[in-house]
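The values are calculated or read from the model by the stated rules, or taken from the named source; none is laboratory data. Computed from a predicted model, the values in this text were never measured in an experiment. As a convention, Cβ positions derive from the backbone with ideal geometry for all residues, glycine included, and neighbour counts pool all protein chains shown.
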Amino acid sequence: MAEASKLNIEQEIRQLVAEVLETEPESIEGDAAFVKDLGMDSMMALEILAGIEKKFRIVIPEDMLPKFTSLNKTIAIVKDLLVKK
C-alpha cells in the first residue's frame, strides 16, 4: 500500500469518527479509548463501522468488532482488511 493511501485512510477514518462524535478531527488522540475517553456509545460505534465498510468497500467480520477500541487500532484493522481484500 502506498504511503499516500495510508495517510488518506487515516484521515478518512479520523474524519468519520469526528463526525459521529461531533468534534474536531484533530482533537481525537490516536490512542484515546473510544468509550472511556471519548464517550462513544454502541450506536455511535456501529455508525462508524458501517461508514468504514461503505467508504472502503470492505466487510468487517463480527468477531473483530470488539477490537475497534481506539482510532489507532481502527486504522490498523482497516489497513489490514484492505491489504487482504
(request) Report, by residue number, each residue of the range 49-64 that is over 18 Å from GLY30 (Cα atoms) and assigned to a helix (DSSP H, G or I). (result) ALA50, GLY51, GLU53, LYS54, LYS55, PHE56, GLU62, ASP63, MET64
(request) Go through (1) under 16 Å from ALA76 (Cα atoms); (2) out of contact with any Ser or Thr (no Cβ under 7 Å at 6 or more places or on another chain) and name the single condition VAL20 misses. (result) (1)
(request) Kindly establish whether LYS36 is loosely packed, with under 13 Cβ neighbours inside 10 Å, basic (Lys, Arg) and over 12 Å from THR74 (Cα atoms). (result) yes
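From the list ASP31, ASP41, exactly one residue is surrounded by fewer than 13 Cβ atoms within 10 Å (Cβ to Cβ) and more than 13 Å from THR74 (Cα to Cα). Which is it?
Going through ASP31, ASP41 in turn, just one is surrounded by fewer than 13 Cβ atoms within 10 Å (Cβ to Cβ) and more than 13 Å from THR74 (Cα to Cα): ASP41.
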(request) Return yes when GLU22 is modelled with pLDDT of 95 or more and at positive phi and no when it is not. (result) yes
(message) On the basis of being in a helix (DSSP H, G or I) and surrounded by 18 or more Cβ atoms within 10 Å (Cβ to Cβ), does VAL83 make the cut?
(response) no
(message) Among the residues of the range 44-56, what is the count of those that are surrounded by fewer than 15 Cβ atoms within 10 Å (Cβ to Cβ) and either among the small types (Gly, Ala, Ser) or at pLDDT 95 or above (or both)?
(response) 4
(request) Go through the range 13-36 and give me each residue that's among the charged types (D, E, K, R) and under 18 Å from LEU65 (Cα atoms). (result) ARG14, ASP31, LYS36
(request) Go through the range 39-51 residue by residue and tally those that are closer than 15 Å to ILE13 by Cα and out of contact with any Phe, Trp or Tyr (no Cβ under 9 Å at 6 or more places or on another chain). (result) 4
